[in-house]
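The values are calculated or read from the model by the stated rules, or taken from the named source; none is laboratory data. As the structure is a computational prediction, the values presented were derived from the model and not from experiment. As a convention, Cβ positions derive from the backbone with ideal geometry for all residues, glycine included, and neighbour counts pool all protein chains shown.
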Amino acid sequence: MTNCHCGTSSPSAAEAIMTLSAAAPALSELELPLDQALGRVLARTIHAPQAYPPFNRAMMDGYAARLADVTCGGELTIRTGSQACLTMPESLHSGQCVPIATGAPLPPGADVVLRREIVAVSAGKLRATAQVKRWADCEGVGAINMPGATVLSVGIRLQPGHLSLAARHGLATLPIRRPPRVAVLVTGDELVSPDQPCSPGGIHDSNSILLETTLVRFGADVIGPFGPIADHLPTIEAEVRRHLASADLVLLVGGSSVGVHDFGRTVLRRLGTPLFEGVSMRPGRPTSAARSIGGTILMSLPGRPTALLTALHGVVQPALYEMMTDGVSPPRVTARLAQSLESASVDRYVPIQLDSREGTWWARSESIDPEEAAALAMIPARMSLKTGACVSVLIMNCVSDR
């Protein structure tokens, strides 16, 4: 059982992620048809079952020939026959050439393709009008990959190009983990559903839609969100208890600190064994977690949007990702700071926008609305970084290469 970080020293975000990964329930592996795998996270590395291309092939329309015959400068006899690649062609003999289409198998003996632009054809004969090298406009067996080569790496989020690669290698399905089931419970007396008018002192609930859409992007199967729920301990506890049997992870949002109406940690203690209470990060420090007797992970997250975003991307996403990939971390990028950033006693997560300049990402942190930020820059504890320094970046939203 994972040791609880519940003393005076809170774990770092990295330690919290490891604790969650060790305590999280195992997700079964599924084989999905390619047309259903888009956007899913690959559960294990895929290796090529065979060489690709599986035969020597032409890369241009033209004539397949033997280089030894071409360099002699004489005429070649054009052998008639199909240019299609449904069957392997007959061997090419000395002094012969054969019309060939792009992608078609080279006949045995051929080691060059003469483009139509560099040949003169007359009365069934062909003569090259330019010098060529061996394997010109050809591609050999295994030029792209040999058997056993890595085709797709564990942990990637499958995109159309990945699915095309799988199909090219004769794979009709791909292995993914069952999506983690995440129940979302948003609390707060002051919160009002967006379709209802606000009373004095009330604010519209923006966390529910933020959580639902972000978790779907992470690859989760979202239950809920349910809320806003009143800051009433028995009600909150009952709602969490209701999802223990169906969810792998329950996120209780709001009431994560130690105020009079902050019940997050109390609920976690009542329904599970604490894993950690607080994380050494800013914002998002009140983030806590526990594990129920049945194995469901319970988390209490701060309700303030900036802190919630940080907890989601800095702790929840990596933990979910490792659940889906057996320990692979989500991809990050490196960027240079457009402005200097001061240190703090804990790791800082700073909302940024990203600009691409001559192939390098630059992180801008001035006047950034956290909910419109493209990414979070991770600033290690007690480390001030000057303009131009490199930082690790967690991507949150789409960025433009401009």
Looking only at helices (runs of 4 or more DSSP H) that fall completely inside segment 153-256, which ones have 2 or more residues that are outside the structural domain of residue 319 (by TED's automatic domain parsing)? 160-168
Could you tell me whether any residue of segment 273-290 is among the small types (Gly, Ala, Ser), part of a loop (DSSP other than H, G, I, E, B), in the same structural domain as residue 374 (by TED's automatic domain parsing) and in contact with a Lys or Arg (Cβ under 8 Å, 6 or more places away or on another chain)? no
Within segment 138-174, the count of residues that are under 20 Å from the mean Cα position of the chain (by Cα) and modelled with pLDDT of 95 or more comes to 13
Return the pairs, sorted by first residue and then second, in which the second residue is assigned to a strand (DSSP E or B) and among the charged types (D, E, K, R), the first residue lies in segment 333-346 and is outside the structural domain of residue 282 (by TED's automatic domain parsing), the beta carbons are less than 6 Å apart, and the residues are 6+ apart or on different chains. 338/364; 344/282; 346/282
Show the residue pairs that are 6+ apart or on different chains and have beta-carbon atoms under 8 Å apart, the first residue being within segment 58-70 and in contact (Cβ under 8 Å) with a residue 60 or more places away in the chain, the second being of a type in the set (Lys, Arg) and in a helix (DSSP H, G or I). 62/116; 63/116
Give segment 118-137 a look and list any residue that's under 44 Å from the mean Cα position of the chain (by Cα) and of a type outside the set (A, V, I, L, M, F, W, C), or say none. 133, 134, 137
Would you be able to tell me the number of residues in segment 106-151 that are free of Cβ contacts under 8 Å to residues at least 24 places away in the same chain and buried (at least 19 other Cβ atoms within 10 Å of the Cβ)? 0
Which one of 201, 170, 155, 227 is within 26 Å of residue 372 (Cα to Cα) and either crowded, with 19+ Cβ neighbours inside 10 Å or touching a residue at least 12 places away in the same chain (Cβ under 8 Å) (or both)? 227
Can you tell me which of 336, 382, 332, 357 is basic (Lys, Arg), farther than 24 Å from residue 39 by Cβ and touching a strand residue (DSSP E or B) at 6+ places or on another chain (Cβ under 6 Å)? 336
